[in-house]
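S.K.: One structure, pasted below without further comment.
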């Protein structure tokens, strides 16, 4: 099943703007003070067709290694702009022009105090007509239930194979988000 969807650019802050100076520290991140509300739909699993001359990026929040509750809300940015957010094994997609892109994932919220690496970043070059799956792996492991954290909780970003991306989409919820007022 193929769906056609136009996703508007929600926030526009050019790189080097005052808003970018207050970002969580990676080139792809948007302003730190922008917070997103997230809603998930467990029944929707179709990805849209790719617009001519564009690439599609599917952002996946994978909490398979996140043993703490509640799970974090993760916002994703491209080239200095937040483009959406996820929560607890979910995904969304965003259309971009071909070319090099800087991507960021940042935990907008997580209730456990202490040190953490709450921002992940990467860059890649998108080709027109292709779909890319960017997985944000949330990691917070404990030595036993109710025990101590093992290491520092973190988010790691990586591109995943399209077959793996489709498997994850089939079991994840679709997320939609908008800026909090």
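Every number in this text was worked out from the coordinates using simple rules, so none of it is lab data. Everything quoted here is computed from the prediction, not taken from an experiment. We place every Cβ from the backbone using ideal geometry, glycine too, and count neighbours over all the protein chains shown.
S.K.: Take the Cα of residue 152, step 7 Å along the line toward its Cβ, and report every residue of the range 98-113 whose backbone nitrogen sits under 20 Å from that point.
M.R.: 104-113
S.K.: Using the basic label-point model (7 angstrom from Cα toward the beta carbon), what is the residue 64 to residue 51 distance in nanometres?
M.R.: Reported label-point gap for residue 64 and residue 51 is 3.2 nm.
S.K.: Compute the Cα gyration tensor for the range 126-179, then decide on rounded, prolate or oblate, letting a ≥ b ≥ c be the square roots of its eigenvalues: rounded whenever a/c is under 1.5, prolate when a/b is larger than b/c in the other cases, and oblate in all that remain.
M.R.: Because a/c hits 1.5 or more and a/b exceeds b/c, the range 126-179 counts as prolate.
S.K.: Pick out which of 149, 56, 157 has the largest mean-square fluctuation in a Gaussian network model of the chain, springs linking Cα atoms closer than 10 Å.
M.R.: Maximum among the listed residues: 149.
S.K.: At 0.36 nm per residue, and after removing the present C-alpha to C-alpha distance, how many nm does the segment from residue 127 to residue 142 gain when stretched out fully?
M.R.: Difference between extended and current length: 1.4 nm.
S.K.: Once you place label points 7 Å from the Cα toward the Cβ at residue 181 and residue 161, how far apart are they in nm?
M.R.: 4.6 nm
S.K.: GNM on the chain, C-alpha springs below 10 Å: top fluctuator among 144, 45, 123?
M.R.: Residue with maximal mean-square fluctuation among 144, 45, 123: 144.
S.K.: Moving on. Could you grab the relative contact order for the chain? Cα pairs under 8 Å, six or more apart, rounded to a whole percent.
M.R.: Taking the mean separation of contacting Cα pairs over the length of the chain, I get 28 percent.
S.K.: Another question, if that's okay. Which value in deg cm²/dmol, rounded to the nearest 500, describes the helix-derived mean residue ellipticity at 222 nm for the chain, given -39,500 (n - 2.57) per DSSP H run of n ≥ 4 and division by the residue count?
M.R.: Helix-only estimate at 222 nm: -2000 deg cm²/dmol.
S.K.: Name the residue, out of 113, 72, 24, whose mean-square fluctuation peaks in a Gaussian network model built on the chain with Cα pairs under 10 Å.
M.R.: Sorting by GNM fluctuation, first place goes to 113.
S.K.: Give me the angle, in degrees from 0 to 90, between the Cα long axis of helix 162-171 and the longest principal axis of the Cα atoms of the chain, rounded to the nearest 10.
M.R.: Between the helix axis and the principal axis of the chain, the angle is about 60 degrees.
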